[in-house]
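The values are calculated or read from the model by the stated rules, or taken from the named source; none is laboratory data. This one's a predicted model, so the numbers in the text were calculated from it and none came from an experiment. All Cβ positions, even for glycine, are placed from backbone atoms using ideal geometry, and neighbour counts span all protein chains on display.
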Amino acid sequence: MEANGPGRFEDRGRPIYVVLAVALALAPFGAALIRFTQTGTDARYFWLALAAFLGALVVMLIGKAGTQRKGVVLRLSGVAFLVSTLLGVLAARLVGARATIGILAVAIVFALFTTAGQVMYSLSRPRPG
């Protein structure tokens, strides 16, 4: 049980959380890269992905999600999702997107991925008490 240092049995699965967190957080950037390579000029998804990522990151950092109990992290994730979605919509509008349903759909999906990545990373940290 002490391959990575002293710990309890339930600590063993935590590295997979970090891998999943990184994969989830990078997925919107992958979609943005695919969109950019297909069109050659359309980088709007990149800005939307960046806004969604930063929105989730800021909420989780301000809420100190890495040191909170799981219940608090789950409540913070709801706020992070909302902020991430709103910032994604704002970024899309600022870079010239006009299709309201499309903006909302992409912003929600990007917010889900980035928030899930932040939550998975927060849950990979050791919990207090």
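Numerical summary
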| item | result |
| --- | --- |
| Subset tally (residues that are among the aromatic types (Phe, Trp, Tyr) and at pLDDT 95 or above) for region 85-129 | 2 |
| ALA80 vs. criteria under 13 Å from the mean Cα position of the chain (by Cα), among the hydrophobic types (A, V, I, L, M, F, W, C) and surrounded by 19 or more Cβ atoms within 10 Å (Cβ to Cβ) | yes |
| Residue list for region 37-54, restricted to those being part of a helix (DSSP H, G or I) and farther than 14 Å from VAL106 by Cβ | THR37, GLN38, THR39, LEU54 |
| Scan of region 84-112 for residues that are assigned to a helix (DSSP H, G or I) and either buried (at least 19 other Cβ atoms within 10 Å of the Cβ) or in contact with a Lys or Arg (Cβ under 6 Å, 6 or more places away or on another chain) (or both), ordered by number | SER84, THR85, LEU87, GLY88, VAL89, ALA91, ALA92, ILE103, VAL106, ALA107, PHE110, ALA111 |
| Residues of region 34-74 that turn out to be at pLDDT below 95, buried (at least 18 other Cβ atoms within 10 Å of the Cβ) and of a type in the set (A, V, I, L, M), as a count | 3 |
